[in-house]
Structure formats: C-alpha cells, structure tokens
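Peer 1: Pasting a structure here, questions to come.
The values are calculated or read from the model by the stated rules, or taken from the named source; none is laboratory data. On a predicted model such as this, the values are computed, not experimentally measured, just so you know. Cβ sites come from the backbone with ideal geometry, for glycine too, and all protein chains shown count toward neighbours. Ligands, DNA and RNA are stripped out before the accessible areas are found, and what is left, the full protein with its side chains, is counted by its heavy atoms. Shrake-Rupley method; radii C 1.70, N 1.55, O 1.52, S 1.80 Å.
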Amino acid sequence: MKTTLSLIGAAIALGTAGAALAQNQGVSKDEIVLGSIQDLSGPIAGFGKQVRLGMMLRVDEANEQGGVNGRKLKLIVEDSKYDPRNAVLAAQKLVNQDKIFMMVGHIGTAQNMAAMPVQFQKNVINFFPVTAAREMYEPFHKLKYSFAATYYDQMRVAVPKLAKEKGAKKICTMYQDDEFGLEVKRGAEDGLKANGMSLAVETSYKRGATDFASQMQKLASEQCDMVVLGTIIRETIGGIATAKRLGFNPTFIGSSAAYTDLIHKLGGPAMNGLYATMTVQHPYLDAASQPIRFWANKYQTKFNEEPTVFSVYGYSAIDSFIRAATKAGPNLTTESFIKAMDTMTIPPDIFGSAEMTFTAQKRLGSNATRMSVLENNRWKVVTEYMNTNAAK
C-alpha cells in the first residue's frame, strides 16, 4: 500500500513539475528562446526580412552585453510565406518543437489570428506583432501585447483630416480583401462618417494579386479625387502606377503598412505625393538625427544593406522584450513577465515613437499616429501625433 501511495505521490509531483516546466518553457539557466514568424518568401518578404534583421541586431547587442539577467537570447524565425495556414504550422513548430518562451514580432494580421490559438494553448505570449489590427489586443487576453496604433484608428483620424485639407469631394477606396484591408476601410469609413462625409466607391482585390487595372478603371470612371489604400508594398505600387498610366491622379493615402522605403525604391517617382500614416520614422543613413544616423550605419555595416522602418519595428520589439524581461528579474516565467509588463512605461525612442504604457487592462502601448508624404523619393513627416481618442 505504501509503495502504491509513494508511486502516486511521485506521479503527482512529476505532473506538477511538468506543468511548471511547460509554463516556463523556453527559459533555462543560460538561455531564453524566442520565436518569430515572418514572410521570408511571399508577397511581403521585403518587410519580413527587414523585421528579422532588426530583431537579430538587438539580440546580438544584448548577448554581447551578457544577455538578460545572465541569460543569452536565442531567436528562431520561421517563414509563413504570408499564408495563415503556414503561420499555423510555423507556430506549432515553434511552440511544440522549439519550445519558445515567447512569440515576438510575428508579421501579418490574418497570420497572427491563425497562430495565436496555438500559442495560447501552451501559455505563450504574443508580443508586439507587426500588424496594427485591433485583434492584436482585443478582445482582451492576458497573453496579448501590442504596440502599434491600429489601422482602424490611423485611418479614422488621418483620412478626414487629409480630405478636408485637400478639399476632396469624392473619397473612394481600394483594399485587400482580408482582415487587414477591411480594418483600413472601416477606419476611413467611420472617420468620414463622424465628419459628415462618406466613402463614395469601393473596390477590393485578393491577397497576392498583381493586376489592378479593373479596380483603378472603376475608380477613375467614378472620378474619385481621393483614394484610401488598404494595400501593402506591391499593391500600393501596382495600384498607383496603374492609375498614373490611366491618367488618373487622385490623392492617395495608405496606412502604416504602406510606409516603407520600398515604395519609392521600387515604384520610383510615380509614387511621389503618396500619403501614409506612421509612427516611427524611416531610418535614412543621412538622417538629420545623429542617433538615427549612427544606428542606421551600424545596421548597414552588419548586414550590408540599408535599414528600413520595418527593421526598426523588429529592433524595438526585442528591445521592449528585454526591458520587461529585465524588470521581471532572474525568475523569468510567463506570469512574472506579465506582472512586469503590466506596470511598464516605455519612453519615446530615437526613431520618434510615442511613449507606451501598459496595465493589467491596457494591452495596446499607444494608439497615437502621425502622417508622412513622399516628396522627391523620400518620406517627410507632415503632422505631429494625432489624438485618436479625441476623434472618437
């Protein structure tokens, strides 16, 4: 009988230890394992590769300085090809096989939404995903932390402001037919409605599309003088280039998903005049700010390519993780990290980000947004941060 009870007791003890181990997976005496899912070979691979390099730069910096509370960081990045089904497979590998402590900087709205249930089942936090969808912090879940002003709020404040400045009479939209594009459209729609205006015409395209002739012909025939773009890289370039070939020249405005140097590098002078919402500014090698110049040249020296705003997103996500993990102390667990994050204030950085604050109920660091325009193949900031709360 004693033997049986001893065996049962041992089994319970092992089960308890196993549960604790599962909760704190990815953290050993010497290492913290982080995972990320990027598009490295799909339609937004340009962004995914940049996020990855930015993350790698901050990881290397931290490890050169001894890591976080004596633990080195290990970053494992998987390729989703910007496909939600691949994102699920990548999340399963990272969570179950690589046993990551946290998912950091996962790119893409639909991709995050597909992967989060896999993570949450194993108590793995979704930290600072590179998407500005509201679903990254709503509905509330203790394992969600987001940094980006939402696409919805970006467009809700920026579109009516720009429409009034330009005296636009007929505001239209072309958007990607998925969660990302719909958020851009809904934000513009609600912002215009609150200001006594409306979206006159809308057209959409499927993710991965490369031909936008029918969409732009429709908007041109409707004589739209402002077009809200729920687009990313090649769709922004393809849409605007097609419009220019048709002699169609409205004011174009995109979300932060279109705020990238790739627009003017790949699209050329035809992209000048495009407006986009943004937060941190693009890190040009010859930026007026000395700290940005120093950082940008360090990045270029390390990777032999110029950094971009998506490089900054990756760098900043890891930097914010390091701040919170350091605050959590040597006994790093999911719960100790959450406790640290829920009292965090992250100050503005060299790239012009807004201050971020988190609480047990507030899981979006900041929803402040500003606007830039492409002039002479270079992004120029044209507004201060706009108060999205006041616009509600």
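Peer 1: How much of V382 can a 1.4 Å solvent probe reach, expressed as accessible area in Å² and rounded to 10?
Peer 2: 70
Peer 1: Still on this structure, please answer the following. Using only protein heavy atoms and a 1.4 Å probe, report how much of D177 is accessible, in Å² to the nearest 10.
Peer 2: Accessible area, nearest 10 Å²: 60 Å².
Peer 1: If you roll a 1.4 Å probe over the chain with all protein chains in place, what percent of the accessible area is carbon or sulfur?
Peer 2: Taking all protein chains in place, the chain shows 52 percent carbon and sulfur surface.
Peer 1: Now, a different point. Between G108, G329, G35, find the one with the highest GNM mean-square fluctuation for the chain; connect C-alpha pairs within less than 10 Å.
Peer 2: G329
Peer 1: Given the DSSP H assignment, sum -39500 (n - 2.57) over each helix run of at least 4 residues in the chain and divide by its residue total; what's the result at 222 nm in deg cm²/dmol, nearest 500?
Peer 2: Computed mean residue ellipticity for the chain: -13500 deg cm²/dmol.
Peer 1: Compare R245, R71, R156 in a GNM of the chain, Cα atoms joined below 10 Å, and give the one with the largest fluctuation.
Peer 2: Highest fluctuation among the options: R245.
Peer 1: Another question about this same structure. With springs only between Cα atoms under 10 Å, which of P160, P347, P139 fluctuates most in a Gaussian network model of the chain?
Peer 2: Looking only at P160, P347, P139, the largest GNM fluctuation is found for P139.
Peer 1: Taking amide hydrogens as modeled 1.01 Å from N in the peptide plane, which residues meet the under 5 Å criterion relative to F252, leaving out close sequence neighbours?
Peer 2: Amide H neighbours of F252, under 5 Å, 5+ apart: V227, Y275.
Peer 1: Okay, which of the stretch 236-254 sit inside 20 Å, backbone N to the point 7 Å along the Cα-Cβ direction of K380?
Peer 2: Answer for this model: 250-254.
Peer 1: Over the chain, calculate the relative contact order: mean separation of alpha carbon pairs under 8 Å at least 6 apart, over the residue count, as a percent.
Peer 2: 17
Peer 1: Run the 1.4 Å probe and let me know the accessible area of H264, rounded to the nearest 10 Å².
Peer 2: 20
Peer 1: Also, I was wondering about something else. Which of the lysines could a cross-linker bridge to K93, judged by Cα under 18 Å and excluding same-chain residues fewer than eight apart?
Peer 2: List returned: K74, K81, K122.
Peer 1: Of K169/K244; K185/K218; K144/K206, which ones are farther than 22 Å apart at the Cα?
Peer 2: K144/K206
Peer 1: Output the direction-averaged projected area (hull surface divided by four) of the convex hull of the alpha-carbon atoms of the stretch 36-134, in nm².
Peer 2: Value for the stretch 36-134: 6.2 nm².
Peer 1: Can I ask one more? Search the structure for amide H atoms under 5 Å from the amide H of I76, placed 1.01 Å from N in the peptide plane, and list their residues when 5 or more places away or on another chain.
Peer 2: Correct list: L34, G35, S36.
Peer 1: What does DSSP give for the chain in terms of the percent of beta bridges that are antiparallel, rounded to the nearest 5?
Peer 2: Here the share of antiparallel DSSP bridges comes out near 25 percent.
Peer 1: Also, quick follow-up: For the chain, what is the accessible area per residue in Å² when the probe is 1.4 Å?
Peer 2: The answer is 41 Å² per residue.
Peer 1: Among the listed pairs K164/K265; K72/K327; K49/K298; K166/K380, which have their C-alpha atoms separated by more than 24 angstrom in this model?
Peer 2: K164/K265
Peer 1: From the protein chains alone at 1.4 Å, what is the descending order of accessible area for E165, E78, largest first?
Peer 2: Correct descending sequence by accessible area is E165, E78.
Peer 1: Now, a different point. For the stretch 188-193, take each phi angle, set θ = phi - 60°, evaluate the Karplus expression 6.51 cos²θ - 1.76 cosθ + 1.60, and give the result in whole Hz per residue in order, putting x for glycine and proline.
Peer 2: Here the 3J(HN,Hα) series is 4, 4, 6, x, 5, 4 Hz.
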